[in-house]
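For reference, the structure is listed below as structure tokens.
FYI, it's all coordinate maths here, none of it is from the lab. Remember, predicted model here, so these are calculated numbers, not experimental data. Here the Cβ is made from the backbone with ideal geometry for all residues, glycine too, and neighbour counts use every protein chain on show.
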Amino acid sequence: MRHPTVPGNARQGGDESSLRTPSFTGKLSYFGFNSLLIEGSFYSGRTESSLYNGAMKSDAAAMATADSSSVGINMVGLNLTYNMNNFQFRGEAIYTELSNTHAYNVFAGSDVGSAILGGYGEISYTQNLKKNGYLQFIPFARYEYYDTHYAVHQAEVKNTSYAHEEITAGFGLKPAPGLIFKADYQLMRSLDKKRFTNICNVGFGYWF
């Protein structure tokens with residue numbers, strides 16, 4: 001929600017940020033059998049805007065302009081992980097509701113939706129290739145979906161190109177703890193298109 005020509009950007013540097021309204025966040029976690037982890041979290045707040053700086057409450061025009069540069073955010077999330085023998089399952093879903101988006105879109109010339117939905121589900125399997133050493137082969141498959149125009153203000157038109165889905169399959173190879181080499185194949189598309197874009201990825205990660 002950042003617009004380069006708008007002086008009241010929703011995103012600000014920490015040393016230049018202005019605080020006008022507090023935000024609230026929290027999380028509940030449940031640990032069960034087989035390393036089952038279920039987490040629910042929430043966030044509620046409002047983006048800050050530098051247009052409030054120096055604006056007098058008695059100046060209705062200045063306050064209306066400042067209000068148009070700020071958006072309310074209510075977000076809930078659900079996260080789940082589960083291990084069964086060598087299988088691992090994980091998934092996540094996030095729903096975000098935005099308020100004042102129509103005024104912000106008119107002000108900034110943007111098309112921010114009033115609701116965002118996204119999530120993914122993944123299954124993987126860890127196979128130990130060495131009995132007396134550390135070498136793990138981890139094939140996996142994942143499905144992702146996200147839509148930044150899951151809902152829009154009644155005065156605006158939903159853009160179906162903002163809804164995306166991705167299907168990924170690949171493997172990881174861990175020769176040592178904290179080190180992994182990965183390769184995968186992705187099918188990606190926005191839901192306004194029938195055909196997928198094909199992408200191959202390779203990489204490595206090191207945890208230190």
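Observations, loosely collected:
- Computed from the C-beta positions of residue 208 and residue 24 and an R0 of 41 Å, the FRET efficiency is 0.70 to the nearest 0.05.
- Highest mean packing first, where packing is the average number of other Cβ atoms within 10 Å per residue, the peptides 71-78, 27-34 line up as 71-78, 27-34.
- Under the simplified labelling scheme, the residue 143-residue 158 pair shows an inter-label distance of 2.0 nm, with each label point 7 Å from Cα along Cα→Cβ.
- Summed side-chain charge close to residue 115 - residues other than residue 115 whose Cβ falls under 9 Å, Lys, Arg +1, Asp, Glu -1: -2
- Rounded FRET efficiency, nearest 0.05, which uses the C-beta distance separating residue 131 from residue 41 and R0 of 45 Å: 0.65
- Pairwise label distance in nanometres, residue 167 with residue 31, each label 7 Å out on the Cα-Cβ vector: 3.7 nm
- When you restrict to C-alpha pairs under 8 Å that are six or more residues apart and normalise by the size of region 64-208, the relative contact order lands at 16 percent.
- Around residue 204: net Lys/Arg minus Asp/Glu count, Cβ-Cβ under 11 Å: +2
- Other residues whose C-beta falls under 10 angstrom from the C-beta of residue 80 contribute a net charge of -1, scoring Lys and Arg +1 and Asp and Glu -1.
- Label zone at residue 86 (point 7 Å along Cα-to-Cβ), backbone N below 18 Å, region 107-143: 123-141
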